[in-house]
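Report on the structure given below.
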Amino acid sequence: MMKARRFPKPKEHHHNVYVILLDSKAAKYLAVRKANPNRDPAKPCIYVGMTGLDPKERFANHKKGCKAAWVVRKHGIRLLPEFFEYLNPMPFEAAAEMEKDLAADLRRQGYTVTGGT
């Protein structure tokens, strides 16, 4: 008689939000400026996203062009873990909502935000 295989249980909460620092050149695009009418030019441009992957892996995928946001592929510099690490991990639904909320909060603080939709 053959033993039944045991597969590891998937993590219950494995979705993450993340924030990426963008080169200030990202603010030159009209669509970015229109989405951030109250931006503070002294604060950096950032991208807010969510993923089922580790944020480091997701950032690497953006830079390689795999399901990449064009602004991150072209202007992404590095992750800003101080903006998101304390929030992760969470269930998918919470991450989808948190992505929007985090983007809105950072935009209200004057950051030039892309993503977060």
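Which one of these does A60 not meet: (1) within 18 Å of G116 (Cα to Cα); (2) among the hydrophobic types (A, V, I, L, M, F, W, C); (3) free of Cβ contacts under 8 Å to residues at least 12 places away in the same chain?
(1)
Could you run through the range 22-75 and say how many residues are in contact with a Lys or Arg (Cβ under 7 Å, 6 or more places away or on another chain), buried (at least 21 other Cβ atoms within 10 Å of the Cβ) and either among the aromatic types (F, W, Y) or over 26 Å from A94 (Cα atoms) (or both)?
1
May I ask you to say which residue of V72, V48 is closer than 11 Å to V17 by Cα, at pLDDT 95 or above and not in a loop (DSSP other than H, G, I, E, B)?
On the way: V72 fails: closer than 11 Å to V17 by Cα.
Step by step, each of V72, V48 is checked, and only V48 is closer than 11 Å to V17 by Cα, at pLDDT 95 or above and not in a loop (DSSP other than H, G, I, E, B).
Which count do you get for residues in the range 97-107 that are free of Cβ contacts under 8 Å to residues at least 12 places away in the same chain and over 13 Å from the mean Cα position of the chain (by Cα)?
Taking the range 97-107 first, the residues free of Cβ contacts under 8 Å to residues at least 12 places away in the same chain are 97, 101, 105.
The next check asks that each one be over 13 Å from the mean Cα position of the chain (by Cα); those that pass are 105.
Going through the range 97-107 one residue at a time, the tally reaches 1.
Restricting the search to the range 99-109, which residues are part of a helix (DSSP H, G or I), under 19 Å from K43 (Cα atoms) and of a type outside the set (D, E)?
Once the filter is applied, which keeps residues that are part of a helix (DSSP H, G or I), under 19 Å from K43 (Cα atoms) and of a type outside the set (D, E), the range 99-109 yields L102, A103, A104, L106, R107, R108.
Against the conditions (1) small (G, A, S); (2) at pLDDT 95 or above; (3) in contact with a strand residue (DSSP E or B) (Cβ under 7 Å, 6 or more places away or on another chain); (4) surrounded by fewer than 18 Cβ atoms within 10 Å (Cβ to Cβ), where does G110 fall short? Just the number, please.
Against the list (1) small (G, A, S); (2) at pLDDT 95 or above; (3) in contact with a strand residue (DSSP E or B) (Cβ under 7 Å, 6 or more places away or on another chain); (4) surrounded by fewer than 18 Cβ atoms within 10 Å (Cβ to Cβ), G110 comes up short only on (3).
Quick one: is A96 modelled with pLDDT under 95 and either in a strand (DSSP E or B) or surrounded by fewer than 20 Cβ atoms within 10 Å (Cβ to Cβ) (or both)?
On the way: modelled with pLDDT under 95: no; either in a strand (DSSP E or B) or surrounded by fewer than 20 Cβ atoms within 10 Å (Cβ to Cβ) (or both): yes.
It is false that A96 is modelled with pLDDT under 95 and either in a strand (DSSP E or B) or surrounded by fewer than 20 Cβ atoms within 10 Å (Cβ to Cβ) (or both).
Working carefully through the options A94, A31, find the one that is out of contact with any His (no Cβ under 7 Å at 6 or more places or on another chain) and touching a residue at least 24 places away in the same chain (Cβ under 8 Å).
Values: A31 fails: touching a residue at least 24 places away in the same chain (Cβ under 8 Å).
Answer to the selection: A94.
Take the residues in the range 78-91 that are surrounded by 14 or more Cβ atoms within 10 Å (Cβ to Cβ) and in contact (Cβ under 8 Å) with a residue 12 or more places away in the chain; name whichever of them is farthest from L22 (Cα to Cα). Break it down stepwise before answering.
In the first step, residues of the range 78-91 are kept if they are surrounded by 14 or more Cβ atoms within 10 Å (Cβ to Cβ); the result is 79-80, 83-85, 87-90.
After this cut, where a residue has to be in contact (Cβ under 8 Å) with a residue 12 or more places away in the chain as well, the list is 79-80, 83-84, 87-90.
Details: L79: 9, L80: 10, F83: 14, F84: 16, L87: 21, N88: 21, P89: 23, M90: 25 Å.
Out of the qualifying residues, it is M90.
The values are calculated or read from the model by the stated rules, or taken from the named source; none is laboratory data. Just so it is clear, the structure is predicted and the values come from calculations on it, not from any experiment. Note that each Cβ is placed from the backbone with ideal geometry, even for glycine, and that neighbours are counted across all protein chains shown.
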